[in-house]
Structures are given as C-alpha cells and as structure tokens.
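The values are calculated or read from the model by the stated rules, or taken from the named source; none is laboratory data. Predicted, not measured: the structure shown is a model, and the values here were computed from it. Note: ideal-geometry Cβ built from the backbone for every residue, glycine included; neighbour counts use all protein chains shown. Protein only, heavy atoms only, side chains kept; ligands, DNA and RNA dropped before computing areas. Shrake-Rupley method; radii C 1.70, N 1.55, O 1.52, S 1.80 Å.
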Amino acid sequence: MSPTKQAFRAASSNTITSSEAETIANNVDLLTLILIHLPIRSLLKFKAVSKHWLSLISDPNFRRRASSKPKPISGLFLFRTFTPFYDFVSLSHENPSLAPSRPLTFVQHPSGIKILQSCNGLVLCCTYETDQPFSGSYETHDPGTRFFIYNPTTNQFNKLPRLRGDSKRFVPSMNMAFDPSISPHYKVVCFQCHNFSWQCQIKIYSSETRGPWKLSGNPFSVQEIDCLIPDSGVFCNSTIHWISHSETALCFDVNKEQRSELPMPLVPGGWDDSRVRYFGESHGHLHIANLYEPEKTQIDFYELEKDYNGWFLKYRVDFGGVVAAFPEMIRRNLDPSDMDYYGLSILCFVREEVDNDSFLVLHLPGKAINFRIKDEVFSKLCDFGADQIGVEVESVMNFGWFDAFQYIETFTSV
C-alpha cells in the first residue's frame, strides 16, 4: 500500500481505493482542502509521507490556512508552585490514570520557565526563580527575566526584546493578543509601572514588525481602577480585559490602542462578600464565575454582553452531586460559611456552540473531573501525583484558575 493511501486511511474512517487516493494526491487544491481540516498533530506526522506532502504542509500559506480554522481545546497545562513542573490534562484523548508532570524545556534555564498566558495556541512565558512563589510582577532591570512566545505544538519559540527601564520600574502585567482567524501575527501588551507612584505606561511588541517595544498612549495610574488585579488579563475579541475586586475593571482595545473602563457583574451582596472563582474566554465570549454563598453548593457564571454595557447570568451551577460523590472535598475543619469550605476550583470553562455540550474542568483534591453544565453529569479525567517537593495531594488543592493554561494545536510561526 502506498504511503499516500496509508495516510488517508489514517486520517479517515472510510475506506478509499488506490485510484481515489492517487486522484486526490495529484489534485493540489483538493488535497489542500482535505488536509487543512485535519488535526495539526496529524499534519506534522504526514510531512513524512512524501516530498510533495512535506513541501505542501511546510508552505507558509498552507500553515496560515490550517491555523486560521478554529481548533478545540486539546488540554490544560497546570502550573505547580515552587517547581518548574507542569501537569498536563488532556481534553481530547483518554488520560492516563496519573497526569504527566514535566517542565518546559524549549530553553534551558536553571530557574525554570513560567507560563503567564495562553492565547489560541501560543504561550507567553518568562524565566523566574522557582525557590520562591511567583508574585506576578517583574523587575524591568532584572537581567535574569526574559520573555518568550512559545508554540507547544511545533516547539518553536521567540525570545522577545528586552524591556528598557531603570531600577524604579517594574512590570505588573504582561499579556498576549492573538487571533489566527484575523491575522497570523500576535502582539504583546505590557504595563510598565513606577515602583512608588504606580504611574503606568503601556508598551506593545508586534510580531509583524519584529521591532523594539513601542510606547502606546499617555501614562496613567493603575490606582484609578480600585482593586484592579493586574495579572488577570484575558484576551477576547481584539481586547484584553482585567478584572477587579470592585465595581469597575479595565480593558484595552489592542487594535485601536485605547483604554476604557469595564463594569464588573452586579452580584448579590457586592464584591466584598464574594470571591472570583474563574475568569476566562471561550469561543469569543468572556465569563466570570462568582461564589457569594459558600454554604450553598452553587456557583454563578456571568457572561459579558456584546455591547459591554454589563453582564448577565449565564448559568447557576450546582455541584452538590460532585460533593456527594467525593465527600473528601469537604473541609470539615472549616466553618461551612468559609469560602474554602469545599475543596473545588474551576480550571476551565468551555462554551460550546451547542449549549448542552458546554462543560467545566474542575479540580478536586487529588483529581480533575469533566462536568457537563446542563445535566450536571461528570466523570473523572485524571488523578494528580505527589508534588515534586513531596507534598501528597489527597487533601491538597494544587491548582486554581490562574494556574491553568489552555493548549490548542496551531501551526502558527512565532
């Protein structure tokens, strides 16, 4: 059997004849139309089929077309504090009983590599010291701090230019903006602040120009937005959004280079009596999850209106069935009114086109589960092993939503 026919059989459950396979292989337009709909991992393997396939799949135009097609979330990288290790939870394949844990090794650095953000298949990373908790901010003048854009699918990376600044400046927020359905290029948006005044300046790096960081707009004070969470940035619809612990947050339109205020959801009791349990994007929609009555097994999910005038309650999720199935998640040493009474964190919310298929990835002590929202059906995805520093996980919560980074396959060059 020819390599071409073997490849088509591997990509399709349907049986095709040798003549049909050869006809497709000799028609570049038809072959391209078929290949761009295949998983990126399959395309990487099919480069070995023939020189013709290698040339086609390696062509920049083909790679752009393949990457512009929406791809599902394949899995999650989960960051372990105090170590350079990441657990990986697959959402597209059957998981091993124990989630694999390994460091990022695309560059060798004695202190390890920390993921700051994932965005449509690309990952923003930096070097940091693993012997202390990650603070979420970086000294501009620190020679050991470098930033990278990394593609986990192709193992390519780009070292970003150094940020210039004196010892009085630091970076509380660094975010990537990348939408392959619009452009093959990405931008990185940085807040560079003065240590004492919190006066910030936005700087932008563009992969299209590959030049130095460019100043954007006039300086502003982060303290203008009460209780802003600078490292909470999420990219959605050409805009980076940050949340706060007050009624007003912040967003930045990357294309227009304009800042504007963003209202926080109006929640019962106000934000003083609540806690953010998740903030993220899915299929062009922005969501925030809120727990305000810890004695109840309910979490509210809000979705941002398209006109940005406010939020509406999308789901009220009851995880009482999860508690009944996994009673070890109850922290009986705490009062039921304590926000941490239930050992549960939301790692990911996937809003599917068919609403009945939307699901959550939840972290319970020692495990991750898939929870379908509409019918509250759940199943275990994997167990987590002991921490690399020897801490057992049967009763420990290792990961929050800010430790989970989506993995999406992409051909995009960095």
> From the list 74, 55, which one is of a type in the set (Gly, Ala, Ser) and within 24 Å of residue 124 (Cβ to Cβ)?
Replying inline: 74
> Any residue in region 339-351 that is over 30 Å from residue 178 (Cβ atoms), in contact (Cβ under 8 Å) with a residue 60 or more places away in the chain and either hydrophobic (A, V, I, L, M, F, W, C) or in contact with a Lys or Arg (Cβ under 9 Å, 6 or more places away or on another chain) (or both)?
Replying inline: yes
> How many of the residues in region 226-259 are open to solvent by less than 30 Å² (accessible area, probe 1.4 Å), assigned to a strand (DSSP E or B), among the hydroxyl-bearing types (Ser, Thr, Tyr) and farther than 18 Å from residue 401 by Cα?
Replying inline: 1
> When region 260-315 is examined, which residues are found to be crowded, with 19+ Cβ neighbours inside 10 Å, hydrophobic (A, V, I, L, M, F, W, C) and modelled with pLDDT of 90 or more?
Replying inline: 262, 264, 279, 286, 288, 289, 299, 301, 304, 311
> Name the residues in region 175-194 that are assigned to a strand (DSSP E or B) and in contact with a helix residue (DSSP H, G or I) (Cβ under 8 Å, 6 or more places away or on another chain), would you?
Replying inline: 191, 193
>> Exactly one of these conditions fails for residue 33: (1) in a helix (DSSP H, G or I); (2) at pLDDT 80 or above; (3) in contact with a Phe, Trp or Tyr (Cβ under 9 Å, 6 or more places away or on another chain). Give me its number.
In response: (3)
>> Considering only region 322-330, I want to know if a residue exists there that is surrounded by fewer than 20 Cβ atoms within 10 Å (Cβ to Cβ) and under 21 Å from the mean Cα position of the chain (by Cα).
In response: no
> Which of the residues spanning region 143-152 are modelled with pLDDT of 65 or more and either open to solvent by 50 Å² or more (accessible area, probe 1.4 Å) or in a loop (DSSP other than H, G, I, E, B) (or both)?
Replying inline: 144, 145, 146, 152
> How many of the residues in region 331-361 are surrounded by 14 or more Cβ atoms within 10 Å (Cβ to Cβ) and basic (Lys, Arg)?
Replying inline: 2
> Do you know which residues across region 49-68 are in contact (Cβ under 8 Å) with a residue 40 or more places away in the chain and either open to solvent by 20 Å² or more (accessible area, probe 1.4 Å) or of a type in the set (Val, Ile, Thr) (or both)?
Replying inline: 49, 50, 60, 63, 64, 68
> Among the residues of region 51-72, is any in contact with a Ser or Thr (Cβ under 9 Å, 6 or more places away or on another chain), in a loop (DSSP other than H, G, I, E, B), at pLDDT below 85 and under 30 Å from residue 198 (Cα atoms)?
Replying inline: no
> Across region 393-406, what is the number of residues that are in contact with a Pro (Cβ under 6 Å, 6 or more places away or on another chain) and modelled with pLDDT of 90 or more?
Replying inline: 0
> Do you know which residues across region 377-392 are surrounded by fewer than 18 Cβ atoms within 10 Å (Cβ to Cβ) and either modelled with pLDDT of 95 or more or of a type outside the set (Asp, Glu) (or both)?
Replying inline: 377, 379, 380, 385, 386, 388, 389, 390, 391
> Residue check: is residue 102 touching a strand residue (DSSP E or B) at 6+ places or on another chain (Cβ under 8 Å), exposed (fewer than 14 other Cβ atoms within 10 Å of the Cβ), of a type outside the set (S, T, N, Q) and in contact (Cβ under 8 Å) with a residue 12 or more places away in the chain?
Replying inline: yes
